[in-house]
Amino acid sequence: MNLEDKIKKLYDYNKRLHVFDAISALTDWDRATGGPKGGIQIKQEIFSYLSGEEYNLLTSNEFGELLKSLEMQKEELNQKDRRLFDLTKRKAEDVRSIPKNEYTEYSSFIAESQEVWEEAKENNDYLMFAPYLKKIIEYNKKFAGYRQKNNMPLYDVLLDDYEEGMTMKDYDKFFETLRKDLVPLIHKILEKGKKTPISWDGEIFDTAKQEELSEEILKIIGFNFDNGMFKASAHPFTTGFDNKDIRLTTRYDEKDLAMSLFSTMHEGGHAIYEQQIADEYRFSMLGGGVSSGIHESQSRTFENEYGKSREFLRFCLPKLKQKFEFLKDVDEEYFYRAYNQAIPSAIRIEADELTYPLHIMIRYELEKEMMNKDIDINTLNIKWREKYKEYLGIDIENDSEGILQDVHWAAGLIGYFPTYALGSAYASQFTEILKKEIDLNKLLENGEFKPILEWHKENIHSYGSLKTPKELLKDVTLEDLNPKYYVDYLINKFSKIYDL
Ligand SMILES: [Zn+2]
């Protein structure tokens, strides 16, 4: 087989893997957006069939031979083919490294652990979940050990899964900056204790009107409805098959317009990223966003830097007034402040823009301890409470609103959390450059997203997974990760809001 044929084969394999992913995504989408309760079992059958097929493909001799022979000719590959080879090889190695029986055992354990977590959360009973968490950490250590190269720390193996190239050393430095600069700011705000009471509290935001509004917002920010679909679900998410079919959801709360407004902006950011990936990467591992952190940078840019900006809220307010009569006397500045309050709270997903990264920092610190030290998992809830007190100044009353609030650990996701905070930092670093090239504030004020989308497409989106996150960041900003932009953005914004 000549090189050209081998490359063609690599793309063929990718297409098959891509189709497996697409069926999973479609099944998930269907379940989350109205599929009947009775469909849970067939969903599990579909998933286990697909993961079996994927395993067989990735561990087949033929596929192994192909990778081996491409490895020898790697230097002859162009950038695109080489990157695809690297990504494919990595996926194959990950799957091959874990013995099939252990992997199956782990999958069913994870399914059980999530059920136990749900019950434990309901009953506010951390000790019920603790043995599962302990075992999940053991599994993760063991599996990371199979994949460990050059004696790198086990936690680094996991961190790299979610954000290629990021290590504990990078994250330590990153969170150190956040701790040093943000914790005092939050404490200052807490001392001042100035809250903007929401004047429309108690009013009902009609769901049908919220739906109209969310659709309108998606059109304004440039989501392409010809290549996408929009619905509601209990937990907002974005999924899709390729750049021509991207789907997103939002969540409606009749008492709180902010829920759908900012969820729609957030998921819209994820969705537009996927829609703007170049056609040439379709049906391969190059055809999706490159990493959790970069993906989150795009969603958070739309949610926070654009969505919660004074300019964009000014643009939106008249539209809201048209739909919701009781907002008619609300003034711009008040509206901006009402939706930009920093109030430390126990729940991560309800946190504001300023306190959010500290929720992540706490999870990072605890994951690090669990992965690096032999700590007592049974008392981890106590550590959780201590950290919330220290960083956010709040008392956690019960574990349901503390250590049991997130599903991530129960689902086996260790090393994922830090990408949430990283995404916001990337966002500020990117926006700094964007602002030098286009008049962002003016565009937001006019609700004119076309030039903004063009910028994102040209600099970030179109590449799909061609560049690593580090390469992408450096090509756009000419710097490595620099949390200074993020911290400065937050200090600047919230000092003004709180007149500090
Ligand atoms: Zn997101």
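FYI, it's all coordinate maths here, none of it is from the lab. Here the structure is a predicted model, which means the values were calculated and not measured. Cβ sites come from the backbone with ideal geometry, for glycine too, and all protein chains shown count toward neighbours.
Remarks
- Share antiparallel - DSSP beta bridges, the chain, percent rounded to 5: 45
- Where labels lie 7 Å past Cα in the beta-carbon direction, separation of K194 and K474 in nm: 4.4
- Debye, to nearest 20: dipole size of the stretch 334-440, +1 on Lys, Arg Cβ, -1 on Asp, Glu Cβ: 200
- If you take all other residues with their beta carbon under 11 Å from the beta carbon of T33, and give Lys and Arg +1 and Asp and Glu -1, the sum is +1.
- Only the Cβ atoms of Lys and Arg (+1) and of Asp and Glu (-1) were treated as charged; on that basis the dipole of the stretch 213-298 about its Cα centre amounts to roughly 100 debye.
- Each residue in K149, K308 was given a count of other beta-carbon atoms within 10 angstrom of its own, and listing them fewest first yields K149, K308.
- Structure-based [θ]222 nm, the chain - -39500 (n - 2.57) summed over DSSP H runs of at least 4, per residue, nearest 500: -20500 deg cm²/dmol
- Sites I23 and I382, calculated FRET efficiency, Cβ-Cβ separation with R0 60 Å, nearest 0.05: 0.85
- Within the shell defined by Cβ-Cβ distances under 12 Å, the residues around E216 carry a net charge of +1, with Lys and Arg each +1 and Asp and Glu each -1.
- Stretchable slack from D86 to K173, in nm (0.36 nm times residue separation minus alpha-carbon distance): 28.5 nm
- Ranked list, fewest to most other Cβ atoms within 10 Å of each Cβ, for T207, T167: T207, T167
- Stretchable slack from E45 to R16, in nm (0.36 nm times residue separation minus alpha-carbon distance): 8.5 nm
- Taken as entire DSSP H runs, the helices of the chain that both span 24 Å or more between Cα atoms along their own long axis and average 0.0 or more on the Kyte-Doolittle scale are 257-275.
- Student exercise, the stretch 377-500 dipole from Lys, Arg, Asp, Glu Cβ charges, in Debye to nearest 20: 200
- The packing ranking of peptides 154-162, 311-319, highest mean first, is 154-162, 311-319, where packing means the average number of other beta carbon atoms within 10 angstrom of each residue.
- Once both labels are positioned 7 Å from their Cα atoms along Cα-to-Cβ, the gap between D5 and I438 label points is 4.7 nm.
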